[in-house]
1. For ARG281 and LYS113, FRET efficiency with R0 = 45 Å and r from the beta-carbon atoms, rounded to 0.05?
2. Under the definition of Cα pairs under 8 Å and six or more residues apart, what whole-number percent is the relative contact order of the stretch 144-261?
3. Carbon and sulfur together cover what percent of the accessible area of the stretch 26-156 at a 1.4 Å probe radius?
4. So what's the net charge close to MET170: Lys and Arg +1, Asp and Glu -1, counting the other residues with Cβ under 13 Å from its Cβ?
5. Run the dipole for the chain about the Cα centre, Lys and Arg Cβ at +1, Asp and Glu Cβ at -1, nothing else charged, and hand back the magnitude in debye, nearest 20.
6. Suppose every K and R has +1 on its Cβ and every D and E has -1 on its Cβ; what is the size of the dipole of the stretch 1-116 about the Cα centre, in Debye to the nearest 20?
7. Mean-square fluctuation check for the chain, GNM, Cα pairs under 10 Å: which of ASP195, ASP98, ASP57 is largest?
8. Given the options TYR84, TYR159, TYR218, which has the most mean-square fluctuation in a GNM of the chain, springs set between C-alpha atoms less than 10 angstrom apart?
Amino acid sequence: MYNRPLRYLMKNDPDKVLSLRGVRLRRLFSPVFRHVIVPLSSRNRLTVVRKAEVPKDRPVIFAATHGFRDDVAFSLKTIGSHAYLLYASIPDFYESPDGYALWLNGVVLLDRKDKSSRRAAKDKMIRALSLGANLLLFPEGVWNKTENLVVQKLFPGVYDVAKATGAWVMPLASVEEDGRVYTILEEAFDICAFDRQEGLLVLRDKMATAKYELMDAYSHASRAAIGDAEAYWAAFLDRLVATARGHYDTEIENTAQFRDKNETTSEQAFRHLQDVRPDPRSAFLFGKDLKGGENVCGAGFPDSL
């Protein structure tokens, strides 16, 4: 299938994809989406561990952790009131029934491969908030597929939109375990009471603290059950990708996480070693390390040198 009638949502002009009438109609429809469509779309069940009150005197941006398919639907259900969704999985939106369901709820589309779409998404979010809607976004940008980060670094759009609209931010965390999704919705706070960098750090800390609380309470596995760690992790990622039902864009999903231009990754730091050729000046790079492990450059030093 292809949801051609929804192509207008890819337009970059906020006035052509968002209207006051549309916001009001979707607000009326929102209870049906949360209480009927969400349960029908998933076999998981929801447990809201803790939920702060959503402010009614100002716009709100819900900033949620991102780690599995159902966290979109269950984040909306946890919020318990209407919120437009920033959504960036273009194949899923246009090639599955999910597109129409999300359109009924209210959605701002973002094509991560298109620079103009990325710029326009910020204006669309500001427009949605100015029309009286709240907003749900996942500032990690992609599913968290890291092996050691509770929450990945956040894209700064959440701060920029809050600053432009006066919105406060509510951190939302979720985990999925054995057919049940557990969530925490934390207190709203003024992210713009901090400068941009510090505000994003504060938000990330709040999201990570809430998610770790859920992991500590519900995410347990014995070492015996895990077995070979690499095989276990590979199988977990395969199962995660399979939940996208053929709509997982590997190219973008594996590269679209936030990258701090001021940080050097280990891959970048050691990439030059792949081009090193053995000669008397580089001989030390090919010796064994102090632990007797692999050669630094991954190859033995030739006897001829």
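The values are calculated or read from the model by the stated rules, or taken from the named source; none is laboratory data. This is a predicted model, so every value here is computed, not measured. Using ideal geometry, Cβ is built from the backbone for each residue, glycine included, and neighbour counts are taken over all protein chains shown. The accessibility values were calculated without ligands, DNA or RNA, using every heavy atom of the protein model including side chains. Shrake-Rupley method; radii C 1.70, N 1.55, O 1.52, S 1.80 Å.
1. Result of the calculation: an efficiency of 0.55.
2. That works out to 27 percent.
3. 56 percent
4. Net charge in that neighbourhood comes out at +1.
5. Roughly 1360 debye, rounded to the nearest 20.
6. 260 debye
7. ASP57
8. In this elastic network of the chain, the residue with the biggest mean-square fluctuation among TYR84, TYR159, TYR218 is TYR218.
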